[in-house]
Amino acid sequence: MNTSKSISATTPHNRFAGWILLLAALTALGPLSIDMYLPGVPAIASSLHADDGTVQLTLASYFIGLAVGQILYGPLSDHFGRKPPLLIGLGVYLLASIGCALASSIEALIALRFVQALGGCAGMVIARAVVRDRCEPRMAAQVFSSLVLVMGIAPILAPLLGSWVVSVLSWRAIFALLALVALISLIAMHYLLPESRPAKVGERFHIGDTLRAYRELMRDRRFMGYAISGGLAVAGLFAYITGSPIVMMKVYGLTPTQYSLTFGSIAACYIVASQFNARFLKTNSIDQLLNRAVTVLAIASSILLLASLWTHPPFWLLVGCIYLYLIALGFTASNATAGALAHHGEQAGLASALMGTMQFSIATIAGVMMGFWHDGSSLPLATTLAFCGVGAFLAYRFIAIKLDGGI
């Protein structure tokens with residue numbers, strides 16, 4: 001890797017270069033396909049004559065596709081270069097989105113959503129690997145913070161856009177719009193994203209070698225510490241997204257408008273914190289910031305759990321602890337990702353794939369827990385947040401490294 005070229009391409013004056021914005025869009029494509037689609041669930045049930053439980057399987061199949069697909073794209077991008085697998089993934093996503101728009105049965109939609117996720121997750125994996133190819137660790141953390149800005153805005157705007165599309169057009173138009181986004185991304189790749197890792201000419205791709213590489217990576221204490229810490233921290237975000245509507249509107253009595261404003265302000269804190277992270281990285285190491293961030297995660301979530309166990313916590317305390325958690329997450333997610341990939345430049349795709357699969361699997365479990373555990377109080381949300389926050393702290397401090405200047 002030409003380090004000087006990589007750093008100059010992502011100086012603080014150019015943190016929103018075209019290729020970075022494109023990577024942000026590619027990374028957000030997978031989650032965007034969830035958030036924009038949710039407002040159309042009732043219309044899908046009515047149109048395809050399916051019950052709500054069956055329609056939910058279209059979401060479950062998408063989650064499974066995201067988890068499975070990431071494992072595949074990482075080693076492929078290490079061997080064949082970053083762009084060919086990404087082009088294939090976007091092509092699969094484009095065709096599957098068109099298929100979803102034309103689906104005539106719920107069974108077909110369930111299967112096509114799985115295929116759509118298999119294609120869409122290519123951007124999630126390969127975008128991280130491209131950043132690692134082009135940037136040294138501290139600069140990579142700054143670029144990941146820039147990606148968070150775009151990715152953070154998408155979940156806020158996507159449900160609003162999805163609702164508008166469903167009300168004005170139909171649920172099928174959502175998938176047509178997603179297909180258009182994929183097509184635009186394919187065109188933009190040609191102009192904005194040069195190959196950052198040439199293919200290994202003359203070497204055959206062996207599944208056995210890939211499995212051995214995954215096994216060795218899972219034995220890397222430093223990598224696993226960063227990946228697990230980041231995965232648990234992000235899982236807390238999934239738990240909050242899943243549990244907050246019931247807790248805030250049914251337990252605390254917020255109106256939908258009040259909840260939307262609260263949700264938006266908390267999301268804004270996460271986005272703003274990630275941008276401060278990029279600035280603080282100029283004078284602090286990745287590990288210095290990460291150590292402080294996971295400590296705040298553990299403290300904020302523990303306070304909320306203790307308050308929920310002791311009594312019914314006032315709303316200001318609930319929201320205050322969530323604010324602190326999301327602010328700390330803004331410093332945790334980018335730095336944990338950069339730390340995990342820092343020493344794996346030669347297999348950045350494979351490392352990105354394993355990290356993404358681990359993080360998404362942990363986050364999905366947390367979301368499912370919140371989906372099934374409701375007792376009319378804030379305790380389920382507080383317990384899950386504390387498990388994630390304290391777990392992230394312990395994974396970083398006792399699995400990754402002890403603070404010694406670090407990365």
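Values in this text are rule-based calculations from the coordinates and carry no lab data. Keep in mind that what you see is a predicted model, and the values were worked out from it rather than measured. Ideal geometry is used to build each Cβ from the backbone, glycine not excepted, and the neighbour counts take in all protein chains shown.
Data overview
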read-out	value
Square roots of 5 times each gyration tensor eigenvalue, C-alpha, the range 244-330, largest first, Å	28, 17, 6
Per-pair calculated FRET efficiency, R0 = 22 Å: residue 259 and residue 310 via Cβ, rounded to 0.05	0.30
Peptides 105-112, 127-134 ordered by average Cβ neighbours within 10 Å, highest first	127-134, 105-112
Model label zone, residue 95; criterion: amide N under 18 Å from point 7 Å along Cα-to-beta-carbon; scope the range 103-125	103-104, 108-123
Longest to shortest principal axis, alpha-carbon extents of the range 214-400, angstrom	52, 35, 28
Theoretical gain in end-to-end length, residue 54 to residue 173 [0.36 nm per residue, Cα-Cα removed]	40.8 nm
Vicinal HN-Hα couplings computed from phi for the range 118-133 (Karplus, 6.51 cos²θ - 1.76 cosθ + 1.60; Hz; Gly/Pro x)	4, x, x, 6, 4, x, 5, 6, 6, 4, 5, 5, 5, 4, 5, 4
Alpha-carbon centroid distance for the pair the range 162-190 / the range 284-329, whole angstrom	37 Å
